[in-house]
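Engineer: If you scroll down you'll find the structure; I have some questions about it.
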Amino acid sequence: QVYLKESGGGLVQPGGSLRLSCAASGSIFSINAMGWYRQAPGKQRELVARITSGGSTNYADYSVKGRFTISRDNAKNTVYLQMNRLKPEDTAVYYCNADRVLSGLGWSNDIWGQGTQVTVSS
(Lines give C-alpha, C1' and ligand atoms only; values in the text may rest on other atoms or scores of the structure.)
Protein backbone atom coordinates (compact mmCIF):
# COMPACT_ATOMS: atom_id res chain seq x y z
CA GLN A 1 0.00 0.00 0.00
CA VAL A 2 1.22 3.50 -0.86
CA TYR A 3 0.49 6.41 1.45
CA LEU A 4 0.96 10.16 1.19
CA LYS A 5 1.35 12.22 4.32
CA GLU A 6 1.27 16.01 4.31
CA SER A 7 2.81 18.23 6.97
CA GLY A 8 3.69 21.88 7.52
CA GLY A 9 0.27 23.51 7.61
CA GLY A 10 -0.84 25.91 10.30
CA LEU A 11 -1.93 29.44 11.11
CA VAL A 12 0.06 32.29 9.61
CA GLN A 13 -0.45 36.02 9.30
CA PRO A 14 -1.01 37.65 5.93
CA GLY A 15 2.31 38.16 4.20
CA GLY A 16 3.88 35.23 6.00
CA SER A 17 5.30 31.97 4.65
CA LEU A 18 4.76 28.27 5.08
CA ARG A 19 6.44 25.24 3.59
CA LEU A 20 4.32 22.17 3.05
CA SER A 21 5.84 18.72 2.69
CA CYS A 22 4.32 15.51 1.41
CA ALA A 23 6.14 12.23 1.88
CA ALA A 24 5.17 9.05 0.10
CA SER A 25 5.67 5.79 1.94
CA GLY A 26 5.55 2.17 0.89
CA SER A 27 7.83 0.00 -1.21
CA ILE A 28 8.08 2.71 -3.85
CA PHE A 29 10.16 2.41 -7.00
CA SER A 30 9.02 5.54 -8.81
CA ILE A 31 6.41 8.26 -8.81
CA ASN A 32 5.24 10.09 -11.90
CA ALA A 33 3.77 13.56 -11.46
CA MET A 34 2.97 14.91 -8.01
CA GLY A 35 0.83 17.88 -7.22
CA TRP A 36 -0.70 20.10 -4.60
CA TYR A 37 -4.40 20.84 -4.56
CA ARG A 38 -6.47 22.93 -2.21
CA GLN A 39 -10.07 23.11 -1.14
CA ALA A 40 -11.50 26.16 0.55
CA PRO A 41 -14.78 25.99 2.51
CA GLY A 42 -17.73 25.77 0.15
CA LYS A 43 -15.54 25.44 -2.92
CA GLN A 44 -14.35 22.62 -5.13
CA ARG A 45 -10.88 21.17 -4.84
CA GLU A 46 -8.54 22.90 -7.28
CA LEU A 47 -5.06 22.33 -8.58
CA VAL A 48 -2.40 24.62 -7.15
CA ALA A 49 0.78 23.28 -8.72
CA ARG A 50 2.13 20.14 -10.31
CA ILE A 51 5.61 18.74 -10.92
CA THR A 52 6.72 15.85 -13.08
CA SER A 53 9.34 13.27 -12.15
CA GLY A 54 11.76 15.21 -14.35
CA GLY A 55 11.10 18.48 -12.51
CA SER A 56 8.86 20.29 -14.99
CA THR A 57 6.36 22.45 -13.18
CA ASN A 58 3.09 24.14 -13.86
CA TYR A 59 1.00 26.41 -11.70
CA ALA A 60 -2.71 26.37 -12.18
CA ASP A 61 -3.64 29.87 -11.19
CA TYR A 62 -2.08 33.25 -11.80
CA SER A 63 -2.80 34.15 -8.19
CA VAL A 64 -0.18 31.71 -6.85
CA LYS A 65 2.42 32.00 -9.57
CA GLY A 66 5.35 34.01 -8.26
CA ARG A 67 4.36 33.37 -4.65
CA PHE A 68 4.28 29.56 -4.49
CA THR A 69 7.06 27.19 -5.56
CA ILE A 70 6.68 23.45 -5.97
CA SER A 71 9.71 21.16 -5.80
CA ARG A 72 10.46 17.51 -5.15
CA ASP A 73 13.18 15.22 -3.89
CA ASN A 74 12.88 11.96 -5.81
CA ALA A 75 15.33 10.18 -3.52
CA LYS A 76 13.05 10.94 -0.58
CA ASN A 77 9.77 10.49 -2.49
CA THR A 78 8.79 13.89 -1.18
CA VAL A 79 7.18 16.94 -2.76
CA TYR A 80 7.24 20.42 -1.26
CA LEU A 81 5.22 23.59 -1.64
CA GLN A 82 6.90 26.80 -0.54
CA MET A 83 4.23 29.45 -0.02
CA ASN A 84 5.29 33.07 0.37
CA ARG A 85 3.36 36.33 0.74
CA LEU A 86 0.33 34.39 1.87
CA LYS A 87 -3.11 35.95 1.61
CA PRO A 88 -6.35 35.22 3.44
CA GLU A 89 -7.76 33.78 0.22
CA ASP A 90 -5.06 31.08 0.36
CA THR A 91 -6.85 29.62 3.37
CA ALA A 92 -7.81 26.04 2.55
CA VAL A 93 -7.05 22.40 3.18
CA TYR A 94 -4.06 21.51 1.02
CA TYR A 95 -3.88 18.01 -0.41
CA CYS A 96 -0.99 16.15 -1.97
CA ASN A 97 -1.53 13.92 -4.99
CA ALA A 98 0.55 11.40 -6.90
CA ASP A 99 -0.88 10.44 -10.26
CA ARG A 100 0.93 7.11 -10.79
CA VAL A 101 3.12 5.25 -8.33
CA LEU A 102 5.12 2.09 -9.02
CA SER A 103 5.66 0.07 -5.88
CA GLY A 104 6.13 -3.52 -4.84
CA LEU A 105 2.38 -3.94 -5.37
CA GLY A 106 2.52 -2.71 -8.95
CA TRP A 107 1.08 0.51 -10.33
CA SER A 108 -1.27 2.61 -8.20
CA ASN A 109 -3.15 5.54 -9.66
CA ASP A 110 -4.39 8.81 -8.21
CA ILE A 111 -3.14 8.59 -4.63
CA TRP A 112 -4.24 11.31 -2.19
CA GLY A 113 -3.06 12.42 1.20
CA GLN A 114 -5.43 13.36 3.99
CA GLY A 115 -4.71 17.06 3.75
CA THR A 116 -3.22 19.76 5.93
CA GLN A 117 -5.01 22.93 6.99
CA VAL A 118 -3.54 26.29 6.05
CA THR A 119 -5.15 29.33 7.64
CA VAL A 120 -4.04 32.85 6.77
CA SER A 121 -5.44 35.34 9.22
CA SER A 122 -4.40 38.21 11.43
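The values are calculated or read from the model by the stated rules, or taken from the named source; none is laboratory data. Not measured: the values here are computed from a predicted model. Because the Cβ atoms are built from the backbone with ideal geometry, glycine has one as well, and the counts that use them run over all protein chains shown. SASA here: full protein model, heavy atoms, side chains in, ligands and nucleic acids out. Shrake-Rupley method; radii C 1.70, N 1.55, O 1.52, S 1.80 Å.
Engineer: Give me the tail of P(r) for the range 25-97 as a percent: Cα-Cα pairs with distance above 13 Å.
Structural biologist: 65 percent
Engineer: Which parts of the range 37-75 would a label at K87 reach, counting a residue when its backbone N lies under 13 Å from a point 7 Å out along Cα-to-Cβ?
Structural biologist: Those under the cut-off are 61-68.
Engineer: Could you give the longest part of the chain that holds none of the trypsin sites (Lys or Arg not before Pro) found in DSSP loops with at most 16 neighbouring Cβ atoms within 10 Å?
Structural biologist: Working: sites that count: K43, R45, R67, R85.
Here the longest run is 1-42.
Engineer: Could you tell me what percent of the accessible area of the chain is made up of carbon and sulfur, with a 1.4 Å probe and every protein chain present?
Structural biologist: In the chain, the share of accessible area belonging to carbon and sulfur is 46 percent.
Engineer: Within the set of other residues whose C-beta is less than 13 Å from the C-beta of A33, count the net charge using Lys and Arg as +1 and Asp and Glu as -1.
Structural biologist: Net charge in that neighbourhood comes out at +1.
Engineer: Related question: To the nearest 0.05, how large is the calculated FRET efficiency for S63 and L11 if R₀ is 22 Å and r is the Cβ-Cβ distance?
Structural biologist: The formula returns an efficiency of 0.60 here.
Engineer: Enumerate the whole-percent occupancy of each 5 Å bin, from 0 to the last occupied one, for all C-alpha pair distances of the chain.
Structural biologist: Going out from 0 Å in 5 Å bins, the chain shows 2, 12, 24, 24, 18, 11, 6, 2, 1, 0 percent.
Engineer: Roughly how many whole Å is it from the C-alpha centroid of the range 1-79 to that of the range 80-107?
Structural biologist: Value for the Cα centre distance between the two parts: 3 Å.
Engineer: Moving to a separate point now. Can you give the accessible area per residue of the range 28-81, in Å², using a 1.4 Å probe? All intermediate terms of the calculation are to be shown ahead of the outcome.
Structural biologist: Numbers: 2940 Å² over 54 residues.
Per residue, the range 28-81 has 54 Å² of solvent-accessible surface.
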